Amino acid sequence: MTQFEKVFRNSALHPKPVGLVLQYGTAGFRTNAKELDHIMFRMGLLAVLRSKKTKATIGVMVTASHNPEEDNGVKLVDPMGEMVTPSWEEYSMQLANAEQDVLLTALKDVIEKEAISMDQDANIFIGKDTRYRAYFHYFNTQGCYGSPTMEGYYRKLSQAFVQLTKHAPNRTDDQKHLLVDGANGVGALRLRDMERFLQNQLQISLFNDCREGKLNFQCGADYVKVQQKPPQGVEMSVGERCCSFDGDADRIVYYYKDSDGCFHLQDGDKIATLIGTFLKDMLTQAGLDLQVAVVQTAYANGSSTRYLEDVLKVTVCCTKTGVKHLHHAAQEFDIGVYFEANGHGTVLFSNAAVHKIEKLAQDSSIKNEKKRTAAQLLHSTINVINQAVGDAISDMLLVEGVLAVQGLSVQQWDAIYSDLPNRQRKIKVADRRVITTTDAERRVVTPPGLQEAVDMLVKKYPQSRAFVRPSGTEDIIRVYAEADTQENTDALAQEVCLAVYRLAGGVGEEPKPLH
Ligand code: 16G
Ligand code: MG
């Protein structure tokens, strides 16, 4: 039996429902797990071809991230841990949506277009979260993330973190203590394994750690960010630093409760600002001339953008939503800090920047202690960061390290700037593709009249901004609004929802005010 005959026979065991068409969205295929059997089979085929083509290990990540437990998803990961290249997203859609009888033709088409040698070996790594239906990186990275095992990775990050904290000798137990909400996901399990490498420099109280409770249910980074309240299952006292991961641990947000019981969120924007400020300080002290840029999306709070541009004076760029877009933009700079407000992100250093920092950190002829320390701190910072992809654990160690070195409490960090009140809403429409956008999703192109309506509404409120975009992961339209007060923000969000409902084919009942 030839390879193709085998594929044909096995594909019949995972048949595609006739007529079902799925999109490779913002982060791969994602929908109710029941609809994904044929997709998993076919993405396995494509991963093999991608591995043969690149002659390297390819990742298949099976997860629906922050989505509810009954959903699942799959995305392909390229050799250095980055999202699969866009032309292969196209192939994945051709394969995923080919009816049973033309699957082989679709497969052969990819082989031919990419001139793939079928004699080449293939190597695939599969990662999955803790969903009942169903981690990895660093196998093509030549050791730059430690030895290519989980333990190697824990060791590498922990050592870099311990190095960072050596420059913060007087930390109290309170400063070393962190509450972590694991979202009942994979990050909780990995963090438990990693704790012993941290040499007590971080004392973690772990909640929502998979023992009971459901994945992402009333907990996790998405819940905390969108609801703007603490997760269930975490016992937080006044002023204690807390953070939440999402189910597959690629997002992180921080928060605390003040003495009046008010909840304060430090989201991806605050994390990017903290890191950007630290990096700029260290580069100045080290006398290194490297450009720092911060990459955000339309969801970045207006106050964060203003602070970064006007006070910190770094280059700020805005891209479409989705890690792959931010990652790509961040690669253009010496140092590119990228974070989505929802907590996905990391920092990228160009090879030239890494080289300059390493050289300075190892230069024993430097007499100026401040300069030497700054260079060493930058070096440890590079080592604590996962540049392949934002990893909540690595991001957590980076934030903890920066807070320790800068001697900042969570309240002082929070006070760097004040967020404008903001609101996110969802609306159901008959076909979300009727809304198309431009300018990094900040303006609507179609349907006609919708952007004009949004513009008129925005003019009614001080310091306000609003945008509308189709979700890439759910069958809905998303609305974002911010303004000077929460009341005005909610009024604006409500009016924009109504405009979407009326001009873009809303279904069901008209959107109602939240309160
Ligand atoms: C996915 C993306 C995330 C994006 C979110 C937007 C990755 C790893 N994750 O979770 O970056 O913010 O989708 O979802 O790329 P939406 O299109 O439904 O708003
Ligand atoms: Mg995720």
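Every number here is computed from the coordinates shown, using simple stated rules; none is lab data. Owing to the predicted nature of the structure, the values given are computational and were not obtained by experimental measurement. Neighbour counts are summed over all protein chains in view; Cβ atoms, including those assigned to glycine, are modelled from backbone coordinates with ideal geometry.
Close amide H contacts of residue 443 (hydrogens built in the peptide plane, cut-off under 5 Å, sequence separation of 5 or more or a different chain): 438. Spin-label pair residue 258-residue 108: with each label point 7 Å from Cα along the Cα-Cβ axis, the two points sit 6.8 nm from one another.
Sparsely packed loop sites in segment 226-314 (the GluC sites (Glu not before Pro) outside DSSP H, G, I, E and B with at most 14 other Cβ atoms within 10 Å) comprise 235.
Taking a cut-off of 17 Å, what percent of all Cα-Cα pairs in segment 422-503 are separated by more than that? Result for the distance tail: 39 percent. For the chain, the equivalent ellipsoid built from the Cα gyration tensor has semi-axes of 36, 31, 22 Å, listed from largest to smallest.
In whole angstrom, note down how far apart the Cα centers of segment 240-302 and segment 368-424 are. A separation of 7 Å, based on Cα centres.
Phi angles of segment 350-360 translate, via the Karplus equation with coefficients 6.51, -1.76, 1.60 and θ = phi - 60°, into HN-Hα couplings of 5, 4, 5, 5, 4, 4, 4, 5, 4, 4, 5 Hz per residue; Gly and Pro are given as x. Considering only Cα atoms, the convex hull volume of segment 317-374 works out to 96 Å³ per residue. Rounded to the nearest whole Hz, the Karplus-based 3J(HN,Hα) values (6.51 cos²θ - 1.76 cosθ + 1.60, θ = phi - 60°) of segment 223-231 follow the sequence 4, 5, 5, 6, 7, 6, 8, x, x, with x at glycine and proline. Loop-resident trypsin sites (Lys or Arg not before Pro) (DSSP state other than H, G, I, E or B) in segment 407-515 with no more than 15 further Cβ atoms inside 10 Å of their Cβ: 460. With the cut-off at 22 Å, report for segment 21-104 the share of all Cα pairs above it, as a whole percent. Counting every Cα pair in segment 21-104, those more than 22 Å apart make up 21 percent.
Applying a DSSP loop filter and a limit of 14 other Cβ atoms within 10 Å to the trypsin sites (Lys or Arg not before Pro) in segment 305-387 leaves 313, 367. Working value for segment 150-266: equivalent-ellipsoid semi-axes of 23, 19, 11 Å, each the square root of 5 times a Cα gyration tensor eigenvalue, largest first. For segment 244-386, the equivalent ellipsoid derived from the Cα gyration tensor has semi-axes of 28, 18, 15 Å, listed largest first.
Dividing the C-alpha radius of gyration of segment 396-468 by 2.2 N^0.38 Å, with N its residue count, gives 1.68.
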